[in-house]
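Worksheet: the structure to be examined is printed underneath.
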């Protein structure tokens, strides 16, 4: 199938969905919507998916980047969720090995904390049992010396021992994009930057939507047998287009993270910790040459479009990290970047924010709008399948058509994941002239599709030049992302497709002009439009830096 997913593809898709009636219109291009579109398209439904911004621009691009069973869920008694998530972790490690990678975690136990050593030991044993002992590796119980052997810079005062267990880490935004690409390959019509402004009804039933194309300004009417609301933290806003007095389904909580140089904090690997400030579970996680610390879990009234880590979040995370890694002495000046997202959790007013269940719920309004709310990144595929089951039943009642009861989303690799030996591909690319660090980076990022990026550089050697001096990201990636991943802005490239925004102290602002220049011929920009695109990105960088520090008194 044609792998192209570009601005031209987007234009064709919008024209197509304006002409035809689709079986299902999925509103929301985060991980849940992308998973629904993929599952539905693989079952043979005629699918359209739209998002008001870029794919993965909301919560799905600003998570803790973990594919995990949820060790901390055990203390809340959410054992069914842990079992389900552990199974999904195995699936994603198999179908997306370039994006989802096993990661060992060290969980130290300290005297006097709310979770003693025996409880950590019991939790990791039950964790492996709930994965049916089919995790990447089994847990290990650790003595005090064993913990310090793995993480020598941890605070040793009060340390009683701990455990090592396994989960997985992923690039969440790229996981969204690969699901979108797979959905498109199976026939789904997808478009980013296409906002639903009105739901259309016929006979009292939702039968489509009015969409505004943010790029052209055009209004597009989409007719659909079923409309699915998969908008994450925007769920209740879309439901109010259907029922203005709809009772809220969500209790959004903010998860903030800070990024610091790994050499400064001193973690050797992934560490699970209890914040000495309030006992909440947190993580210190490696990501290349940096580590990120998170997450907060606080109720938030911030709008999803404006959620960000603020000075209080940064202070909390720094103080928590310093208490566990006392030699780090991290300060605000050590923070390379921050990110935050709103978790679209189901409303549960009687418990603390960190104890809000991570379950999901599918609801249908009186007029037929199907909404999927709650859930977590790891279980997106299950959520998608259950939502498509609901859609299929609705369509069968409408016109009697039957569709398969399931799609092979658990066995068909996601784009780039269809390779047994990624190391061999990296070596082949190196033999063809790519520097070793570049070939390794491309394979880790794109999997088998790394060859397509390398081919662009082979056809135009100027595209082999780095985006940043001394770094493995190359200019060919920007062209590839515009042509195959529907990257339509400098932010799409630097924040979500490459992650350079979170990896470099200046948020890769120095690369904004080059990225805009590379996007210009792909997107039909003039030189003035390219300059404006680069400027918008640098303005975002400046705003992100200003948000790190408390406001001056009287400001």
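The values are calculated or read from the model by the stated rules, or taken from the named source; none is laboratory data. All of these numbers come straight from a predicted model, not from anything done at the bench. Virtual Cβ from ideal backbone geometry, glycine too; neighbours counted across all protein chains shown.
For the structure I just gave you, tell me whether residue 115 is in a loop (DSSP other than H, G, I, E, B), under 30 Å from the mean Cα position of the chain (by Cα) and either over 30 Å from residue 36 (Cα atoms) or modelled with pLDDT under 95 (or both).
yes
Only one of these is surrounded by fewer than 19 Cβ atoms within 10 Å (Cβ to Cβ) and under 24 Å from the mean Cα position of the chain (by Cα): 304, 286, 326, 252. Name it.
On inspection, the qualifying residue turns out to be 286.
Out of all the residues in segment 231-244, is one or more without any contact (Cβ under 8 Å) to a residue 40 or more places away in the chain, part of a helix (DSSP H, G or I) and in contact with a strand residue (DSSP E or B) (Cβ under 8 Å, 6 or more places away or on another chain)?
yes
Would you mind stating whether residue 82 is surrounded by 23 or more Cβ atoms within 10 Å (Cβ to Cβ), over 17 Å from the mean Cα position of the chain (by Cα) and not assigned by TED's automatic domain parsing to the domain that holds residue 190?
Taking the combined requirement at face value, the residue satisfies it.
Before we move on, is residue 314 buried (at least 21 other Cβ atoms within 10 Å of the Cβ), in the same structural domain as residue 156 (by TED's automatic domain parsing) and assigned to a strand (DSSP E or B)?
Taking the combined requirement at face value, the residue does not satisfy it.
Would you be able to tell me the number of residues in segment 87-112 that are assigned to a helix (DSSP H, G or I) and either modelled with pLDDT under 95 or in the same structural domain as residue 125 (by TED's automatic domain parsing) (or both)?
Within segment 87-112, residues that are assigned to a helix (DSSP H, G or I) and either modelled with pLDDT under 95 or in the same structural domain as residue 125 (by TED's automatic domain parsing) (or both) number 0.
Residue-by-condition table, conditions (1) farther than 30 Å from residue 155 by Cα; (2) surrounded by fewer than 23 Cβ atoms within 10 Å (Cβ to Cβ); (3) not assigned by TED's automatic domain parsing to the domain that holds residue 392:
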residue: 214; (1), (2), (3): yes, yes, no
residue: 217; (1), (2), (3): yes, yes, no
residue: 222; (1), (2), (3): yes, no, no
residue: 226; (1), (2), (3): yes, no, no
residue: 232; (1), (2), (3): yes, no, no
residue: 240; (1), (2), (3): yes, yes, no
residue: 257; (1), (2), (3): no, no, yes
residue: 261; (1), (2), (3): no, yes, yes
residue: 264; (1), (2), (3): no, yes, yes
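Taking the options 197, 212, name whichever one is farther than 18 Å from residue 33 by Cα, in a strand (DSSP E or B), under 26 Å from the mean Cα position of the chain (by Cα) and at pLDDT 95 or above.
From the options 197, 212, the qualifying one is 212.
What's the number of the condition residue 187 fails, among (1) part of a strand (DSSP E or B); (2) outside the structural domain of residue 285 (by TED's automatic domain parsing); (3) surrounded by fewer than 23 Cβ atoms within 10 Å (Cβ to Cβ); (4) in contact with a helix residue (DSSP H, G or I) (Cβ under 8 Å, 6 or more places away or on another chain)?
The failed condition is (1).
Mind telling me which of the residues 309, 301, 328 ends up being outside the structural domain of residue 54 (by TED's automatic domain parsing), free of Cβ contacts under 8 Å to residues at least 60 places away in the same chain and in a loop (DSSP other than H, G, I, E, B)?
301
Given the condition in a strand (DSSP E or B), touching a residue at least 12 places away in the same chain (Cβ under 8 Å) and crowded, with 24+ Cβ neighbours inside 10 Å, answer yes or no: does some residue in segment 32-48 qualify?
Within segment 32-48 (the criterion being in a strand (DSSP E or B), touching a residue at least 12 places away in the same chain (Cβ under 8 Å) and crowded, with 24+ Cβ neighbours inside 10 Å), the answer is yes, since at least one residue qualifies.
Report, by residue number, each residue of segment 70-86 that is assigned to a helix (DSSP H, G or I) and free of Cβ contacts under 8 Å to residues at least 60 places away in the same chain.
The answer is 74, 75, 79, 80, 82, 83, 86.
In segment 281-298, what residues are in contact with a helix residue (DSSP H, G or I) (Cβ under 6 Å, 6 or more places away or on another chain) and either at positive phi or outside the structural domain of residue 116 (by TED's automatic domain parsing) (or both)?
The answer is none; no residue qualifies.
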